Amino acid sequence: MLDSSQERKVYEGILLQIHEIVQERNLRPGDKLPSERELSEQLGAGRSSVREALRALELLGLIETRRGEGTFLKSYRHNRLIDILGFFILRDAKTKKDLIEMRRILELDAVRLACRRATDKHFEEMERILAIAEERVERGEVPTEEDYLFHRVICRSSRNSILHRIWAPLVEYSNSVRIESLSREGRAKMAVGEHREIMEAIRAGDATAAVEKMRHHLENSKL
């Protein structure tokens, strides 16, 4: 069996190879990609790994799946997102640091925008996520999924679709850092408390406090 580090390398390798296929075949928006089975055979990778890579491409807005037809490259207005893929994938030792830095930039801007744009619906969702996270912490569990969902709500409440579209794959690629951070003794409970403070600052519309609390939270999370 592969450990998490090996699985990550396989996954990243598949994304890079798909990127190369697109470039080599000079595929354009609207062109059809090889099927999941064909990619699996061509790349020598498991179907599940290929499926996860395709899911990441959908999150980036690079492809779309049409039922009964296949998977197609997607056109995206002013951005060449096909080139962004190569930037996000781990290619050298510096990339992990760059990913974390980029996520910090996005999340601080997201929380600033959320102070002006978050609605009651967003706060209801944050409250629900925090309640579940607190229950899990009380049971001695690590609420990694709730951590992801809370930050996602903040990004969505910024109501900037591009920010959220870029943020989602960043979190996918930095997932191991997030899990490692939350698994530190006492960190999960502290993180949930910090989340609640961030939410209250956003609810109050206090951008200065919200940004500072998010910055403090990310530093404590080693992000």
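The values are calculated or read from the model by the stated rules, or taken from the named source; none is laboratory data. What you see is a predicted model, and the numbers here were worked out from it, not measured in a lab. Using ideal geometry, Cβ is built from the backbone for each residue, glycine included, and neighbour counts are taken over all protein chains shown. These area figures cover heavy atoms from the full protein model, side chains too; ligands, DNA and RNA do not enter into them. Shrake-Rupley method; radii C 1.70, N 1.55, O 1.52, S 1.80 Å.
The table for this structure:
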| read-out | value |
| --- | --- |
| Solvent-accessible surface (1.4 angstrom probe) belonging to Glu219, in square angstrom, nearest 10 | 110 |
| Ordering of 110-118, 44-52 by packing [mean C-beta count within 10 Å, highest first] | 110-118, 44-52 |
| Solvent accessible area, Å² - Thr65, 1.4 Å probe, full protein context | 90 |
| Gain on full stretching of the segment that runs from Gln23 to Glu38 - 0.36 nm per residue minus C-alpha separation | 3.7 nm |
| Long pairs among Lys74/Lys213; Lys32/Lys222; Lys94/Lys213; Lys121/Lys213, criterion Cα-Cα beyond 30 Å | Lys74/Lys213; Lys32/Lys222 |
